[in-house]
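The values are calculated or read from the model by the stated rules, or taken from the named source; none is laboratory data. Because the structure is predicted, anything quoted here is derived from the model rather than measured. Neighbour counts run over all protein chains shown; Cβ positions are idealised from the backbone, glycine included.
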Amino acid sequence: MSSREKRPKLAVKLAGVELKNPVMPASGTFGSGKEYEAYLDLEKLGMIVTKGVADRPWKGNPTPRVAETHGGMLNSVGLQNPGIEHFLREDLPFLQSRNTKTMVNIAGRSIEEYVRVVTALQRQPVDFLELNISCPNIKEGGVAFGTDADMAYQVTKKVKAAATQPLIVKLSPNVTDIGAVARACEAGGADGISLINTLLGMKIDIKTRRPLLANTFGGLSGPAIKPVALRMVYQAAKEVKIPIIGIGGISTWEDALEFILAGAAAVQVGTANFRNPRVMLQIIEGLENYLRTENIDGIEELIGAGHELQEGIQC
Amino acid sequence: MEKKNINKARILKNEALGPEIYQMVLEVGDTGEAVPGQFVNLYCKDGARLLPRAISICEVDRKAGTFRLIYKVLGRGTEEFTQLKENEEIDWLGPLGSGFTLNTEDREILLIGGGVGVPPLLELAKRLTGKKRVLLGFENESILTGDFSKVAAEVAVATTSGTEGIKGTVMDLLEQKEYLPDRIYSCGPKGMLKAVKDWARERNIPAELSMEERMACGIGACLVCTCKINEGPDPRDWNYQRVCKDGPVFNAEEVMFE
């Protein structure tokens, strides 16, 4: 009876901003939300995260851009986007008209390009910026910033100086020491980090005996990468104090909970949206049910709780 | 507004039509305003196969609430579909994408299909009111020629192996007669679509092409299934548009083949 009266609190605070719940789409899997509005109530999500936006239109890579893998998929879209002007004109008014928090993902090939986008977004009705220094599908810039701690520090610092909104830096898993990159972003002034972006992979078509993707390599996502992503979130959580958004193969509420226990204050759902456009609603519902059954007042109590347990055992 | 969702459909029929070609009849209840050229997403039961398979709609029976789909076995996902039995259920979403435009003023219509691109032209032929001639190309065995005969004035078949109809392609069929239709609709392999586009342009005949590309979401979000579309008078004014959402049907003059 008592658990029925009290509704567990799903809201989380991220860099001082309160979100209804910790569940949001991963950039690039959700457009700017419009395509999904036929399938779900966008206002039920913790936040909407846009497709990467660059300082001018990017055409993206040739096709084929996708290959399914066991429990995952490879993509080589290459950050196709119509540019910041188009975003401000077409997408932002739409997002603003919905009662939801908005995070704009920023794409660029150089520090100057990132800064131009962030400058154009100054004082716009946007709640967060997510700096994509981890896309494996563009040749220069992108992932190069995310795989070198010093470059990650430099780009974070310069972009942060131009930003009027909290800055989340999205990290690449294609590194040997995720802790070093995470620390560099924190030192550069990031308000949070999100990880992981896709893992670099490939597929060869045995009929043509050539790489299947036109771009040869692509980013691997989906349930197949979840253990790797979880490990990296857990490691990063030990290294930084700024909030972490967990990403990588999350398709159920149990997955989301694992990331929260590993130290994520919020989670992003990506590839799972392609299998089920309503999956994020199921995850939110599952988390709420879990809190109720376990008699936990709020989800924030669980952030990083997986660490304390392990340390307890070690003692 | 009621939200769209993945639903369960009951399989009424699932049988081989030819080597690697199957037909499935799905009872979905409400087919919606499905138009020819649209497709449905079918989802695998095996969770390791994440992505939906986009299958074009061959026929719609609104009254019965059924779709007839024809699919080719191209990998493990479609292979899984062949194992489904009558009365089993499958997850589906749709109808998706844009369809062909149904121009009622057209008097002479030419439908050109190749291989597994032939099925969506059947529902189109049923809905168009003008006089329809249908040119179909296959590697070996034809499909659906009997169905087309019921709704079209003429059905001609070409096979590259010569086992049925004339030996050659639909382009050889086009040369056999004087065709001057008001409009052309076409669906099939890229090489064929490019040849159809060029043929139509030389004669100044409007044409619509249904494109195919590897998809992920099927609802316009992921940007993997793009094709090059000319958006202005300058050939440099092109962008990758989404086959699943902006298409699969495009005006032939906009489609840029590489």
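Return only the number of the condition from (1) farther than 23 Å from B:E15 by Cβ; (2) assigned to a loop (DSSP other than H, G, I, E, B); (3) in contact with a helix residue (DSSP H, G or I) (Cβ under 9 Å, 6 or more places away or on another chain) that B:I109 does not satisfy.
Of (1) farther than 23 Å from B:E15 by Cβ; (2) assigned to a loop (DSSP other than H, G, I, E, B); (3) in contact with a helix residue (DSSP H, G or I) (Cβ under 9 Å, 6 or more places away or on another chain), only one is false for B:I109: (2).
One line per residue, one yes/no per condition, for (1) touching a Lys or Arg at 6+ places or on another chain (Cβ under 8 Å); (2) modelled with pLDDT under 95; (3) surrounded by 15 or more Cβ atoms within 10 Å (Cβ to Cβ):
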position: B:K167; (1), (2), (3): no, no, no
position: B:M171; (1), (2), (3): no, no, yes
position: B:Q176; (1), (2), (3): no, yes, no
position: B:K190; (1), (2), (3): no, no, yes
position: B:W199; (1), (2), (3): no, no, yes
position: B:I205; (1), (2), (3): yes, no, yes
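Assuming B:F67 fulfils every condition listed in (1) in contact (Cβ under 8 Å) with a residue 60 or more places away in the chain; (2) buried (at least 22 other Cβ atoms within 10 Å of the Cβ) apart from one, which condition is it?
The number of the failed condition is (1).
Could you check B:T104 against (1) in contact with a helix residue (DSSP H, G or I) (Cβ under 9 Å, 6 or more places away or on another chain); (2) more than 30 Å from A:G270 (Cα to Cα) and say which number it fails?
(1)
Output the number of residues of region A:33-56 satisfying the condition of being within 12 Å of chain B (Cβ to nearest Cβ) and surrounded by fewer than 22 Cβ atoms within 10 Å (Cβ to Cβ).
Qualifying residue count for the region: 9.
Could you check, for region B:73-92, whether at least one of its residues is within 12 Å of chain A (Cβ to nearest Cβ) and part of a strand (DSSP E or B)?
yes
Conditions tested, residue by residue: (1) within 14 Å of chain A (Cβ to nearest Cβ); (2) of a type outside the set (S, T, N, Q); (3) within 18 Å of B:G117 (Cα to Cα).
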| site | (1), (2), (3) |
| --- | --- |
| B:L174 | no, yes, yes |
| B:G191 | no, yes, yes |
| B:K194 | no, yes, yes |
| B:K197 | no, yes, yes |
| B:E202 | no, yes, no |
| B:S210 | no, no, yes |
| B:I219 | yes, yes, no |
| B:L223 | yes, yes, no |
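Suppose the filter is surrounded by 24 or more Cβ atoms within 10 Å (Cβ to Cβ), under 19 Å from A:G31 (Cα atoms) and under 17 Å from the mean Cα position of the chain (by Cα); does A:P136 pass it? Write out each step before concluding.
On the way: surrounded by 24 or more Cβ atoms within 10 Å (Cβ to Cβ): yes; under 19 Å from A:G31 (Cα atoms): yes; under 17 Å from the mean Cα position of the chain (by Cα): yes.
For A:P136, the condition - surrounded by 24 or more Cβ atoms within 10 Å (Cβ to Cβ), under 19 Å from A:G31 (Cα atoms) and under 17 Å from the mean Cα position of the chain (by Cα) - is met.
If I ask for residues that are out of contact with any Ser or Thr (no Cβ under 8 Å at 6 or more places or on another chain) and buried (at least 19 other Cβ atoms within 10 Å of the Cβ), which ones from region B:134-146 would you list? So that I can check it myself, show each step before the final result.
Of all residues in region B:134-146, those out of contact with any Ser or Thr (no Cβ under 8 Å at 6 or more places or on another chain) come to B:134-135, B:143-146.
Once the filter is applied, which keeps residues that are out of contact with any Ser or Thr (no Cβ under 8 Å at 6 or more places or on another chain) and buried (at least 19 other Cβ atoms within 10 Å of the Cβ), region B:134-146 yields B:V134, B:L135, B:I143, B:L144.
Six or more apart or on different chains, Cβ under 6 Å: which pairs go from a residue in region B:192-206 that's closer than 25 Å to B:F138 by Cβ to one that's crowded, with 21+ Cβ neighbours inside 10 Å and aliphatic (A, V, I, L, M)? Could you list them?
Sorted first by the residue in region B:192-206, then by its partner, the pairs are B:L193/B:L209; B:V196/B:I112; B:K197/B:A252; B:A200/B:I184; B:A200/B:A207; B:A200/B:A252; B:I205/B:I184.
Looking only at region A:190-237, which residues are farther than 14 Å from A:A67 by Cα and touching a Ser or Thr at 6+ places or on another chain (Cβ under 6 Å)?
Matches in region A:190-237: A:A190, A:N197, A:P223.
Might you check whether a residue that is of a type in the set (S, T, Y) and within 14 Å of chain B (Cβ to nearest Cβ) occurs anywhere in region A:1-14? Walk me through it before giving the result.
Residues of region A:1-14 of a type in the set (S, T, Y): A:2-3.
Narrowing the set further to residues that are within 14 Å of chain B (Cβ to nearest Cβ) leaves none.
No: zero hits.
Can you name every one of the strands (runs of 3 or more DSSP E) wholly within region A:70-187 that holds 1 or more residues which are under 28 Å from A:L212 (Cα atoms) and in contact with a Pro (Cβ under 7 Å, 6 or more places away or on another chain)? Show your work before the answer.
Numbers: elements: A:72-75, A:102-106, A:128-132, A:167-170.
Strands (runs of 3 or more DSSP E) meeting the threshold: A:72-75.
Restricting to region A:245-283, give me the number of residues that are in a loop (DSSP other than H, G, I, E, B) and within 11 Å of chain B (Cβ to nearest Cβ). Working first, answer last.
Restricting attention to region A:245-283, the residues satisfying the condition of being in a loop (DSSP other than H, G, I, E, B) are A:248-252, A:263-265, A:270-271, A:276-278.
When the remaining residues are screened for being within 11 Å of chain B (Cβ to nearest Cβ), the result is A:249, A:251-252, A:270-271, A:276-278.
Number satisfying all stated conditions: 8.
Write out, first by first residue and then by second, each pair whose Cβ atoms fall under 7 Å of each other, whose residues are 6+ apart or on separate chains, and whose first residue, in region B:11-23, is in a loop (DSSP other than H, G, I, E, B) while the second is of a type in the set (K, R).
Going by the 7 Å Cβ cut-off, the qualifying pairs are B:E20/B:K72.
Search region A:23-32 for residues being touching a Gly at 6+ places or on another chain (Cβ under 8 Å) and closer than 25 Å to B:E2 by Cβ, and hand back the single one that is farthest from the other protein chains (Cβ to nearest Cβ). Give the derivation first.
First, pick out the residues of region A:23-32 that are touching a Gly at 6+ places or on another chain (Cβ under 8 Å): A:23-29, A:31.
So of that shortlist, the ones also closer than 25 Å to B:E2 by Cβ come out as A:23-25, A:29, A:31.
Details: A:V23: 17, A:M24: 14, A:P25: 9, A:T29: 6, A:G31: 5 Å.
So the residue we want is A:V23.
Does B:I11 satisfy being more than 19 Å from the chain's Cα centre (by Cα) and within 14 Å of chain A (Cβ to nearest Cβ)?
On the way: more than 19 Å from the chain's Cα centre (by Cα): yes; within 14 Å of chain A (Cβ to nearest Cβ): no.
The answer is no for B:I11.
Taking region A:55-77, which residues are closer than 19 Å to A:E112 by Cα and in contact with a Phe, Trp or Tyr (Cβ under 9 Å, 6 or more places away or on another chain)? Steps first, answer last, please.
Residues of region A:55-77 closer than 19 Å to A:E112 by Cα: A:55-58.
Correct list: A:D55 only.
Name every residue in region A:165-215 that is surrounded by 24 or more Cβ atoms within 10 Å (Cβ to Cβ) and hydroxyl-bearing (S, T, Y), in order of residue number.
If the condition is that a residue be surrounded by 24 or more Cβ atoms within 10 Å (Cβ to Cβ) and hydroxyl-bearing (S, T, Y), then A:S172, A:S194, A:T198 are the ones that fit.
Can you name every residue in region B:153-172 that is part of a loop (DSSP other than H, G, I, E, B) and under 22 Å from B:P119 (Cβ atoms)? Spell out how you get there, then give the answer.
At the first step, the residues of region B:153-172 found to be part of a loop (DSSP other than H, G, I, E, B) are B:153, B:160-165, B:168-169.
B:A153, B:T160, B:S161, B:T163, B:E164, B:G165, B:G168, B:T169, listed by residue number.
Could you check how many residues of region A:185-235 are hydroxyl-bearing (S, T, Y) and in contact with a Phe, Trp or Tyr (Cβ under 8 Å, 6 or more places away or on another chain)? Lay out the reasoning, then the answer.
First, pick out the residues of region A:185-235 that are hydroxyl-bearing (S, T, Y): A:194, A:198, A:208, A:216, A:221, A:234.
If we keep only those that are in contact with a Phe, Trp or Tyr (Cβ under 8 Å, 6 or more places away or on another chain) as well, we get none.
Within region A:185-235, residues that are hydroxyl-bearing (S, T, Y) and in contact with a Phe, Trp or Tyr (Cβ under 8 Å, 6 or more places away or on another chain) number 0.
Restricting region B:117-154 to residues that are β-branched (V, I, T) and closer than 17 Å to B:V196 by Cβ, which is nearest to the chain's Cα centre (by Cα)? So that I can check it myself, show each step before the final result.
If we filter region B:117-154 for residues that are β-branched (V, I, T), which is where we start, we get B:118, B:129, B:134, B:143, B:145, B:151.
Restricting the remaining residues to those that are closer than 17 Å to B:V196 by Cβ gives B:118, B:134.
Working: B:V118: 6, B:V134: 14 Å.
Selected residue: B:V118.
Here is a list: B:E154, B:E88. Which entry is assigned by TED's automatic domain parsing to the domain that holds B:A54 and at pLDDT 95 or above? Walk me through it before giving the result.
Details: B:E154 fails: assigned by TED's automatic domain parsing to the domain that holds B:A54.
Going through B:E154, B:E88 in turn, just one is assigned by TED's automatic domain parsing to the domain that holds B:A54 and at pLDDT 95 or above: B:E88.
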